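Derivation of every value follows stated rules applied to the coordinates shown; laboratory data play no part. These numbers were taken from a predicted model, which means no experiment stands behind them. Virtual Cβ from ideal backbone geometry, glycine too; neighbours counted across all protein chains shown.
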Amino acid sequence: MPNATVCLPTYNEAANIELMLRALEPLGVNVLVIDDNSPDGTGAIADRLAAELDFVSVLHRERKEGLGPAYIAGFRRVIEDGAELVLEMDCDFSHDPADVPRLIAACEDGADLALGSRYAPGGGTEDWGRGRRFVSTGGSWYARTILGVGIRDLTGGFKCYRRKVLQAIDLAAIRSKGYAFQIETTYRTLRAGFSVVEVPILFADRTHGHSKMSRAIVLEAIARVPALRFEAMTGRL
Ligand SMILES: Nc1nc2c(ncn2[C@@H]2O[C@H](COP(=O)(O)OP(=O)(O)OP(=O)(O)O)[C@@H](O)[C@H]2O)c(=O)[nH]1
Ligand SMILES: [Mg+2]
């Protein structure tokens, strides 16, 4: 088993954090919880669990700035601590902890970035209405077409990177905060010449807590995609 660390960003996940850490425990991974001072006390629960469980540590940040800055802070920490594989995962059980070993295996089989994919053959989403399915598949189609890449699930946030990828892409240059962060990191990985492999996953809806998705996050992604393409065309990315 390689040295693999799951970065787990949390904002108001008090109902999920303990269940998630217990579910990850048997997998042999390290976990870094990145909590943005959640008002519901998620950070304190994570601290209590970190004191009990060797594989858990916690990075506390002062305020909520979106997923992107939280992940970048987490990536820096786990790279410094020597992780060979770095995973991204939501703490709301939309991403099944049981799929973590499949993402790790894809990297061990040669992928530089393994992407949990809802839209690769064999993947899917659970009980989504037509509206939501349209927004999500439409969003991936929009990004794939404008960026000119073959990846089907560009907005997904269940990923496993080899260490060298995060060392090669310019983390300090990433400005995206919401879904756009997922698109941008995968695009930068492809542009840097690394191999990206989609691993089919079933995406479940959260049962506890609330989504942090907002209109601003969607608008950011719509605007960032052509901006990324432009930066690539003008040699800045
Ligand atoms: N540290 C930190 N974590 C965040 C922030 N925003 C969201 N998260 C976490 O990121 C993960 C994904 O966020 P969700 O609220 O599920 O948003 P989503 O998955 O994009 O939206 P849904 O599909 O509706 O669930 C969860 O673990 C959140 O707690 C943030 O600003 N800071
Ligand atoms: Mg979610």
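Among all the aspartates and glutamates, which ones have a C-alpha under 15 Å from K64's C-alpha, if same-chain residues fewer than 8 places away are not counted?
Of all the aspartates and glutamates, those that pass the test against K64 - Cα under 15 Å, at least 8 places apart if same chain - are E13, D35, D36, D40.
Evaluate E = 1/(1 + (r/R0)^6) for Q167 and D127, where r is the Cβ-Cβ distance and R0 equals 41 Å; express this FRET efficiency to the nearest 0.05.
After rounding, the FRET efficiency stands at 0.55.
Tell me the net charge near S57. Cut-off is 15 Å between Cβ atoms, S57 excluded, with +1 for each Lys or Arg and -1 for each Asp or Glu.
Local charge sum for S57: -3.
Can you tell me the orientation of helix 215-233 relative to the chain, as the angle in degrees between its alpha-carbon axis and the longest Cα principal axis, to the nearest 10?
Taking Cα atoms only, the helix is inclined about 50 degrees.
Using each residue's phi in the stretch 24-37, evaluate 6.51 cos²θ - 1.76 cosθ + 1.60 at θ = phi - 60° and report the 3J(HN,Hα) Karplus result to the nearest Hz, with x for Gly and Pro.
Those phi angles translate into 7, 3, x, 7, x, 9, 8, 10, 10, 7, 10, 10, 9, 6 Hz.
Which lysines have a Cα less than 18 Å from the Cα of K159, not counting those fewer than 8 places away in the same chain?
Answer for K159, where 18 Å is the Cα cut-off: K177, listed by chain and number.
Working out 0.36 nm times the residue gap between S195 and A223, then minus their Cα-Cα distance, what length gain in nm do you get to one decimal?
In short, 7.5 nm is gained.
Between W141 and E80, what length in nm is gained on full extension when 0.36 nm per residue of separation is reduced by their alpha carbon distance?
18.4 nm
Using a basic spin-label model with each label point 7 Å from the Cα along Cα→Cβ, how many nm lie between E25 and R236?
Output for this residue pair reads 4.9 nm.
Given R₀ = 30 Å, what would the calculated FRET efficiency be for H208 paired with A105, taking r from the Cβ atoms and rounding to 0.05?
Calculated transfer efficiency: 0.55.
First check a/c for the chain, with a ≥ b ≥ c the square roots of the eigenvalues of its C-alpha gyration tensor; if it is under 1.5, answer rounded, and if not, answer prolate when a/b is larger than b/c or oblate otherwise.
Here the chain falls in the rounded category.
Relative to the first principal axis of the alpha-carbon coordinates of the chain, what is the inclination of helix 130-147, with its axis defined by its Cα atoms, in degrees from 0 to 90 and to the nearest 10?
The helix 130-147 is inclined about 60 degrees to the chain.
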